[in-house]
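Contents: one structure, followed by commentary.
The values are calculated or read from the model by the stated rules, or taken from the named source; none is laboratory data. Bear in mind the structure is a predicted one, so any value in this text is a computation, not a measurement. All Cβ positions, even for glycine, are placed from backbone atoms using ideal geometry, and neighbour counts span all protein chains on display.
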Amino acid sequence: MEKLSLDVFKRYKEVDVKRIDEELKNSLARLNRKIMVLDDDPTGVQTVHDVSVYTSWDEEAIKSGFNEENSIFFILTNSRGFSKEETIKVHSEIGATLSEVAKKTGKDYILISRSDSTMRGHYPIETAALKRSIEKESEKRFDGEIIIPFFKEGGRFTIDNVHYVKEGDFLTPAGQAEFARDKSFGYNSSHLGEYVDEKTSGQFIKESCTYISLVDIRKENIEKITSQLMAVENFNKVIVNAIDDVDVKIFVLAYISAVLQNKEFIFRSAATVTKVLGGVSDIPLLLKEKLIEKENENGGIVLIGSHVNKTTQQFEALKGCKEPLEFIEFNQHLILKENGLQGEVIRVISEAEKHIKSGKTVVVYTNRDRFDLDTDDEDKQLEVSVKISDAFTSIIGKLSIRPNFIIAKGGITSSDVGTKALKVKKALVMGQIKPGIPVWMTGEESKFPKMPYIISPGNIGEVDTLKEIVDMLSSEKK
């Protein structure tokens, strides 16, 4: 499968976005459903603002989300850090609790399983467990699953049913990109129908998928797309092609038409569809004035745990920041030594606090040589990664001083910082500091209340993106 030039985008006719937005607004008003997003790491809020994120999935949390005025809320599961068994258990529990809350509140809902735009994660077991549990506990029956990994801000596009990752001036088939070689969630197929076949071990095959083409989307052929959706049954998969947010909007118009005719689907998607279904407007990127406490003279802290190439490039670029930074390496290879990680945590905290108190921003980073087990056992590899992440992110939890800002780089890293180190139970998504890079405002219950917490996905942004963020936040106070 060949790479594509960016010129491929010119093949498709443009549409009147303002008119589509108005039609979508009217359709969403008719839909009248609560939208619950299950996020397998904290980066899924990278397209929304003024939306709640809950870090537990008990009845109280889900009921709180249902009772909000907002049509959409997020539940952070961080299931990308779970074993397969734990993933199935948690999603079965969520399905049962969601069914109970929907029954008690009398509100219907749409369920989105938000995952990685490069298709890493516990698929298909998450959505399969949700379907089984919900259908066991309620009268709801799901006709199909809608798959939309498109995410423009991250350079993820689906064209002719093949998913691509933007790399420089070309689109690389996702199965050929570094993400497909992930030790825990790797795959071979770039064609989404073949990906479904591969991941489900042939339970659902390429030929049984329904494909929503870009040609039909750009022709605004809502009736045809609706008919395609109406024909889906037996939890077969719907593959949605998209190269721009407007493609998702046009698809959602057809989706709503099908739902109003009693069709039911679960979404497996990247972050774009959450914004579209939630009717979330665009706002400007967040600036320093909204994020930094003027009275706090301490420096900030950046935790870099991800090892994808994009993160390593951004880490190297950080060394060129305008303001001097203090770089402290965390040696995760000490996991091989008894109590090695605990001692490393104590050393790093002592050094970091000294510099943060002096007003200097600290960058704590894992050794750039990955620590991988010599095994094909995905769960064992994941278990080691979680142990390392627990130790690494505990640095934030054990800080005795309040930094001026916190940035976490990487999905597992950012989730562990938010839930385990900062002990956030509920956060408000303030918006994005750069495209695809969300900021939480931590709740009163957290270690550092009302702290803007910046969640930087490992695979998002340009080489200088992280440097630009740190430069902005670390510049001298006037």
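Taking the condition in the same structural domain as Lys25 (by TED's automatic domain parsing), over 27 Å from Leu260 (Cα atoms) and assigned to a helix (DSSP H, G or I), does Glu93 pass? Spell out how you get there, then give the answer.
Values: in the same structural domain as Lys25 (by TED's automatic domain parsing): yes; over 27 Å from Leu260 (Cα atoms): yes; assigned to a helix (DSSP H, G or I): yes.
Judged against the criteria, Glu93 is a match.
If I ask for residues that are in contact with a strand residue (DSSP E or B) (Cβ under 9 Å, 6 or more places away or on another chain) and not small (Gly, Ala, Ser), which ones from the stretch 220-237 would you list? Of everything in the stretch 220-237, those that are in contact with a strand residue (DSSP E or B) (Cβ under 9 Å, 6 or more places away or on another chain) and not small (Gly, Ala, Ser) turn out to be Ile225, Gln228, Leu229, Val232, Glu233, Asn234, Phe235, Asn236, Lys237.
Regarding Leu382, is this residue closer than 26 Å to Ser281 by Cα and either aliphatic (A, V, I, L, M) or not in a helix (DSSP H, G or I) (or both)?
On the way: closer than 26 Å to Ser281 by Cα: no; either aliphatic (A, V, I, L, M) or not in a helix (DSSP H, G or I) (or both): yes.
Answer is no for this residue.
Checked against the criterion of being more than 25 Å from Phe265 (Cβ to Cβ), surrounded by fewer than 19 Cβ atoms within 10 Å (Cβ to Cβ) and at pLDDT below 95, the stretch 170-177 has no qualifying residue.
Starting from residues that are outside any strand (DSSP E or B) and among the hydrophobic types (A, V, I, L, M, F, W, C), keep the ones in the stretch 25-51 and report whichever is nearest to the chain's Cα centre (by Cα). So that I can check it myself, show each step before the final result.
Quick first cut of the stretch 25-51, residues outside any strand (DSSP E or B) only: 25-33, 40-50.
Okay, now just the ones that are also among the hydrophobic types (A, V, I, L, M, F, W, C), so 28-29, 31, 45, 48.
Working: Leu28: 23, Ala29: 26, Leu31: 25, Val45: 6, Val48: 11 Å.
Of everything passing the filter in the stretch 25-51, Val45 is nearest to the chain's Cα centre (by Cα).
Return the residues of the stretch 183-195 that are within 20 Å of the chain's Cα centre (by Cα), within 22 Å of Ala128 (Cα to Cα) and not hydroxyl-bearing (Ser, Thr, Tyr); say none if nothing qualifies. Scanning the stretch 183-195 gives Phe185, Gly186, Leu192. The single condition among (1) assigned to a loop (DSSP other than H, G, I, E, B); (2) of a type in the set (A, V, I, L, M, F, W, C); (3) within 16 Å of Lys290 (Cα to Cα) that Val463 does not meet is (3).
Of the residues in the stretch 52-65, at least one is over 23 Å from Phe265 (Cα atoms), in a helix (DSSP H, G or I), of a type in the set (S, T, N, Q) and in the same structural domain as Ile250 (by TED's automatic domain parsing).
Look at the stretch 426-437: where a residue is on the phi > 0 side of the Ramachandran plot and a partner is in a strand (DSSP E or B) and crowded, with 22+ Cβ neighbours inside 10 Å, sitting 6+ places away or on another chain with Cβ atoms under 8 Å, you get Gly431/Pro438; Gly431/Val439; Gly436/Phe151. One residue stands out among those in the stretch 140-159 that are surrounded by fewer than 21 Cβ atoms within 10 Å (Cβ to Cβ) and touching a Ser or Thr at 6+ places or on another chain (Cβ under 8 Å): the one that is farthest from Lys103 (Cα to Cα), which is Glu153.
Looking only at the stretch 283-308, how many residues end up being in a helix (DSSP H, G or I) and either touching an Asp or Glu at 6+ places or on another chain (Cβ under 6 Å) or within 16 Å of Val470 (Cβ to Cβ) (or both)?
So the first thing to find is which residues in the stretch 283-308 are in a helix (DSSP H, G or I), and the list is 288-291.
Pick out the ones that are also either touching an Asp or Glu at 6+ places or on another chain (Cβ under 6 Å) or within 16 Å of Val470 (Cβ to Cβ) (or both) and you get 288, 291.
Qualifying residue count for the region: 2.
Inclusion of Ile401 among residues that are more than 30 Å from Ile72 (Cβ to Cβ) and in contact with a Lys or Arg (Cβ under 7 Å, 6 or more places away or on another chain) is warranted. Considering the stretch 447-469, and only residues there that are under 16 Å from Asn296 (Cβ atoms) and either more than 20 Å from the chain's Cα centre (by Cα) or of a type in the set (S, T, N, Q) (or both), the residue that is surrounded by the fewest Cβ atoms within 10 Å (Cβ to Cβ) turns out to be Lys450.
Restricting to the stretch 1-47, and then to whatever is of a type in the set (Asp, Glu) and within 19 Å of Val252 (Cα to Cα), can you tell me which residue is surrounded by the most Cβ atoms within 10 Å (Cβ to Cβ)? Quick ask: steps written out before the conclusion?
We begin by selecting, within the stretch 1-47, every residue of a type in the set (Asp, Glu); these are 2, 7, 14, 16, 21-23, 39-41.
Filter again for within 19 Å of Val252 (Cα to Cα), leaving 14, 16, 21-23.
Values: Glu14: 9, Asp16: 11, Asp21: 15, Glu22: 11, Glu23: 18.
If we take residues in the stretch 1-47 being of a type in the set (Asp, Glu) and within 19 Å of Val252 (Cα to Cα), then Glu23 is surrounded by the most Cβ atoms within 10 Å (Cβ to Cβ).
The residues in the stretch 207-245 that are surrounded by 18 or more Cβ atoms within 10 Å (Cβ to Cβ) and small (Gly, Ala, Ser) can be counted, and the count is 2.
Checked against (1) closer than 16 Å to Phe235 by Cβ; (2) in contact with a strand residue (DSSP E or B) (Cβ under 9 Å, 6 or more places away or on another chain), Glu135 meets all criteria but (2).
Quick one: which of Lys13, Lys107, Lys34 is touching a Lys or Arg at 6+ places or on another chain (Cβ under 7 Å) and modelled with pLDDT under 95? Step through it out loud before you land on a result.
Values: Lys107 fails: modelled with pLDDT under 95; Lys34 fails: modelled with pLDDT under 95.
Lys13 is the lone residue from the list that is touching a Lys or Arg at 6+ places or on another chain (Cβ under 7 Å) and modelled with pLDDT under 95.
When the residues of the stretch 261-310 are narrowed to those that are basic (Lys, Arg) and at pLDDT 95 or above, which ends up surrounded by the most Cβ atoms within 10 Å (Cβ to Cβ)? Give the derivation first.
Restricting attention to the stretch 261-310, the residues satisfying the condition of being basic (Lys, Arg) are 263, 268, 275, 288, 290, 294, 310.
Adding the requirement that they be at pLDDT 95 or above leaves 263, 268, 275.
Working: Lys263: 18, Arg268: 24, Lys275: 21.
Of everything passing the filter in the stretch 261-310, Arg268 is surrounded by the most Cβ atoms within 10 Å (Cβ to Cβ).
Based on this model, can you work out whether Asp390 counts as surrounded by fewer than 19 Cβ atoms within 10 Å (Cβ to Cβ), within 25 Å of the chain's Cα centre (by Cα), touching a residue at least 12 places away in the same chain (Cβ under 8 Å) and under 30 Å from Ser56 (Cα atoms)? For Asp390, the condition - surrounded by fewer than 19 Cβ atoms within 10 Å (Cβ to Cβ), within 25 Å of the chain's Cα centre (by Cα), touching a residue at least 12 places away in the same chain (Cβ under 8 Å) and under 30 Å from Ser56 (Cα atoms) - is met. From the list Glu145, Glu167, Glu178, Glu126, the lone residue that is touching a helix residue (DSSP H, G or I) at 6+ places or on another chain (Cβ under 8 Å), closer than 20 Å to Glu2 by Cα and not hydrophobic (A, V, I, L, M, F, W, C) is Glu178. All conditions in (1) closer than 20 Å to Val248 by Cβ; (2) assigned to a loop (DSSP other than H, G, I, E, B) hold for Thr158, with the sole exception of (2). The listed residues are Val101, Val45, and the only one of them that is among the β-branched types (Val, Ile, Thr), in contact with a helix residue (DSSP H, G or I) (Cβ under 9 Å, 6 or more places away or on another chain) and more than 24 Å from Val386 (Cα to Cα) turns out to be Val101. Count of the stretch 418-460 residues, restricted to those that are among the small types (Gly, Ala, Ser), under 12 Å from Gln46 (Cβ atoms) and in a loop (DSSP other than H, G, I, E, B), is 1. Checking the structure you have, find out if any residue of the stretch 414-437 is surrounded by fewer than 18 Cβ atoms within 10 Å (Cβ to Cβ), among the small types (Gly, Ala, Ser) and closer than 21 Å to Leu291 by Cα. Looking for residues that are surrounded by fewer than 18 Cβ atoms within 10 Å (Cβ to Cβ), among the small types (Gly, Ala, Ser) and closer than 21 Å to Leu291 by Cα, one finds none in the stretch 414-437, hence no.
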